[in-house]
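Written below as structure tokens is the structure these notes are about.
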């Protein structure tokens, strides 16, 4: 081997500087590179000559610098790679401890509320003055508690305790003391909905309470009289409220669900009827979100401003679900048809926005049968969700023998023509500039529903039936610019001491996407995300570190509905619980629900 080649092999790359070389060395290098670069031929093509010349010039320059040191000492040998093996984990003393070493956290042992996102209103962390909470953090007030419901705005939060009492916090509740505080007690509340400045709470007996967000407004307003359980005396309530009276309820008919936007509210009865009403004292709904053509502040009937009105155009339909965005509304009928009304400036109603018709003031059907036209599938919408300027729909499309002439009315006939294959899809509509459509694009508005591919056409093996089944969504939660999907994947919470030491527990997968300007996605970063993604465990990996798994990456999974004993060492009272995700206005929470 020539001294030239030996010198080049033994010289570190950092020493091969591009200093000028002599003409003699440069010419030799050019001839060498040209003869090698031409595939064995003496002369190469034009491109080969050019790149060969450049390589030769650099090679010649390096040779000039490296040749002389090579005569004084031996070439430097490359250092051997050092292989680092995984450190041994602590030896488990029991089967349960071994499961803790290899399994995800068992959240039911330590129930509570984790929150993150904007903290300008002291909602994500009431006891902190930080403007943003970048990763999940426990709200100390709720440690060890189970909640019936929770709703979050940027400036206030509201929750219902296990006993049915209302708890409020945030600067909109009290600037002087934004910490959580019980306000409305003894009403056995079950569900919440929030508007711009009021809280709507549904009681177990069907009564609807409207409570001011502001604690000062609660204190200054007249408080209704409440009777004791004996019926012999009465005393004023601890917080002022209004009762929302639903008119003309039938025998045995009550209120089953409530939903609210910034200015309007929807009420669903147990017989499938829908009522709408104003839900804020600041502005009367004016974008058609009430679903009653011609209803405005000036044309409303005499009586309270927040009096409910039945959406008469939906009479005769059995409505099973309702959802409300900031200024639009959705209603799902039992047969799988969706009705939409309200603001459509971003295409959130599922069809192209028109400048001349910015909103629709009466319910109209959204024809998913046209979306699946030509696919030999009959769609049936199974759930709806809304928030901000977005709408979401989960659809089960059943493969049928023939789809010619299909219409919305044929959806009910789908089971009779079923060919045995069901596809579960998720669709989104509305504003997408923050990534809240989840379709991998940054679009201002949509022309129609767009499929979220990463949440559609998913399958898994079902052991009991020995078959492949679609993975559906268990729940969708939508905030003002971001959303979260809880998957209905197979879960396991039954690992016990009598089983194998390698039996583990795992929960439901959760994916987040959308706006992240206030760290509401929980990634610890501020960039928006336009495709559903996993985030890390709620404890930030602390549990893994304590179990000898520091540095390992795991994704967040939440506890499905299960019966367990809560408290220290799992020896407390026995309850039925699950973890839920709640996306609000720039804030997110995961809580333990009853």
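The values are calculated or read from the model by the stated rules, or taken from the named source; none is laboratory data. Small disclaimer: the values here were computed from a predicted structure and weren't measured. Here the Cβ is made from the backbone with ideal geometry for all residues, glycine too, and neighbour counts use every protein chain on show.
The table for this structure:
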read-out	value
Test result for residue 136, touching a strand residue (DSSP E or B) at 6+ places or on another chain (Cβ under 9 Å) and without any contact (Cβ under 8 Å) to a residue 60 or more places away in the chain	no
Test result for residue 370, surrounded by fewer than 18 Cβ atoms within 10 Å (Cβ to Cβ), at negative phi and in contact (Cβ under 8 Å) with a residue 40 or more places away in the chain	no
Among the candidates 456, 467, 436, residue that is within 16 Å of residue 397 (Cβ to Cβ) and assigned by TED's automatic domain parsing to the domain that holds residue 354	456
Pick from region 460-497, criterion at pLDDT below 90 and in contact with a helix residue (DSSP H, G or I) (Cβ under 9 Å, 6 or more places away or on another chain), ranking: surrounded by the most Cβ atoms within 10 Å (Cβ to Cβ)	495
Matching strands (runs of 3 or more DSSP E) fully within region 239-352 where at least 2 residues are at pLDDT 95 or above and outside the structural domain of residue 213 (by TED's automatic domain parsing)	none
Near pairs, Cβ below 7 angstrom, 6+ apart or cross-chain, from region 197-215 (within 11 Å of residue 187 (Cα to Cα) and not assigned by TED's automatic domain parsing to the domain that holds residue 183) to any residue that is modelled with pLDDT of 95 or more and crowded, with 18+ Cβ neighbours inside 10 Å	none
Matching residues, region 294-343, being in contact with a helix residue (DSSP H, G or I) (Cβ under 8 Å, 6 or more places away or on another chain), surrounded by fewer than 19 Cβ atoms within 10 Å (Cβ to Cβ) and within 26 Å of residue 196 (Cα to Cα)	none
Considering residues of region 512-551 that are closer than 20 Å to residue 138 by Cα and outside any loop (DSSP other than H, G, I, E, B) only, the residue modelled with the highest pLDDT	512
Subset of region 442-456 that is part of a loop (DSSP other than H, G, I, E, B) and at pLDDT 95 or above - its residue that is nearest to the chain's Cα centre (by Cα)	452
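So that you can scan it fast, the table gives a plain yes or no per residue for (1) at pLDDT 95 or above; (2) outside the structural domain of residue 512 (by TED's automatic domain parsing); (3) part of a helix (DSSP H, G or I); (4) surrounded by fewer than 18 Cβ atoms within 10 Å (Cβ to Cβ):
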residue	(1), (2), (3), (4)
105	no, no, no, no
108	no, no, yes, no
150	yes, no, no, no
172	yes, no, no, no
187	yes, no, no, no
